[in-house]
Amino acid sequence: MRIKTVFLDAGGVLVVPNWQRIADTLAAHGVEVTPEALERADPHARFELDVTKGKGASDQQRGWLYFNLVLEKAGVALSPGTDAALAELYAYHSQANLWEWVPDGVIEALDRMRQAGLQLVVVSNSNGTLRVLFDRVGLSGKVDAMLDSHEEGVEKPDRRLFDLALERAGAGRESTLHAGDLCSVDVEGARAAGLRPVLIDPFGLYRDFDCERVASLGELADKLL
């Protein structure tokens, strides 16, 4: 059946961490690392968290594990300085959301899909700041609806969040696709809800996994249009 509705994860798909802010905060606590090194470490940290260390963890627990993994893979030793910097960053994240950078190509891909008549719904494990964040970075007007797991009281991979999104969007299960960046959260959750899952895998880290993959949101738009 033709896809009519696209569910989209937020973090890692539509927005990514502000690595410059993170590097600056670390530097203020005596930890030197470039934003580029952190960005390079990010996909490998997310992959390890996804397939091993993050299994069964809550979204908040995964967040702490994730940043420590990014630091380790960037060659930064964990220390009281990194702990202090992360505590400051989490305080900022709880108010403003640290995933505040929109990658190149995202807005163009969203515009193309909406212009083609696809309904776009954000289904995100977030902390209650998703709407404020999307207003701030100019994404609110690019999608038709948003579900923030904190507001809904349930998070992916629990199929109930997808069911809520289907109900909210008036979408059909067979004509809805969900795109996300984590296999254990997005792919498994979408499958449990009877949706077509697509993994955003720009670095080919999941090539041995049994799931449909694309390298970018732009490539997903190419497949759907």
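State whether one or more residues within the range 122-130 are farther than 26 Å from F47 by Cβ, of a type outside the set (D, E) and within 16 Å of the chain's Cα centre (by Cα). Within the range 122-130, one or more residues are farther than 26 Å from F47 by Cβ, of a type outside the set (D, E) and within 16 Å of the chain's Cα centre (by Cα). Of the residues screened, R173 is one that is free of Cβ contacts under 8 Å to residues at least 60 places away in the same chain, more than 13 Å from V123 (Cβ to Cβ) and among the basic types (K, R). Restricting the range 170-225 to residues that are polar (S, T, N, Q) and in contact with a helix residue (DSSP H, G or I) (Cβ under 8 Å, 6 or more places away or on another chain), the residue that is farthest from D50 (Cα to Cα) is T176.
From the list V143, V70, the one residue that fits, being under 30 Å from G172 (Cβ atoms) and within 19 Å of the chain's Cα centre (by Cα), is V143.
Residues in the range 192-225 that are among the small types (G, A, S) and surrounded by 13 or more Cβ atoms within 10 Å (Cβ to Cβ): A192, A193, G194, S216, G218, A221.
Of all residues in the range 28-46, which are of a type in the set (A, V, I, L, M, F, W, C), part of a helix (DSSP H, G or I) and modelled with pLDDT of 95 or more? Scanning the range 28-46 gives A28, A37, L38, A41. Scanning the range 143-156 for residues that are buried (at least 20 other Cβ atoms within 10 Å of the Cβ), in contact with a His (Cβ under 8 Å, 6 or more places away or on another chain), within 23 Å of I107 (Cα to Cα) and acidic (D, E) turns up nothing.
Conditions tested, residue by residue: (1) outside the structural domain of Y206 (by TED's automatic domain parsing); (2) of a type in the set (D, E, K, R); (3) assigned to a helix (DSSP H, G or I); (4) buried (at least 17 other Cβ atoms within 10 Å of the Cβ).
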| residue | (1), (2), (3), (4) |
| --- | --- |
| L26 | yes, no, yes, yes |
| E72 | yes, yes, yes, no |
| L78 | yes, no, no, no |
| V122 | no, no, no, yes |
| D135 | no, yes, yes, no |
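I'd like to check something: does the range 177-191 contain any residue that is touching a Lys or Arg at 6+ places or on another chain (Cβ under 8 Å), farther than 23 Å from W101 by Cβ and surrounded by fewer than 20 Cβ atoms within 10 Å (Cβ to Cβ)? Looking through the range 177-191, at least one residue is touching a Lys or Arg at 6+ places or on another chain (Cβ under 8 Å), farther than 23 Å from W101 by Cβ and surrounded by fewer than 20 Cβ atoms within 10 Å (Cβ to Cβ). In this entry, A171 is excluded by the filter for residues that are at pLDDT 95 or above, more than 17 Å from the chain's Cα centre (by Cα), closer than 18 Å to V106 by Cβ and crowded, with 18+ Cβ neighbours inside 10 Å.
The values are calculated or read from the model by the stated rules, or taken from the named source; none is laboratory data. If you're wondering where the values come from, they're calculated on a predicted model, not measured in any experiment. Cβ coordinates were reconstructed from backbone atoms using ideal geometry, including for glycine residues, and neighbour counts include every protein chain displayed.
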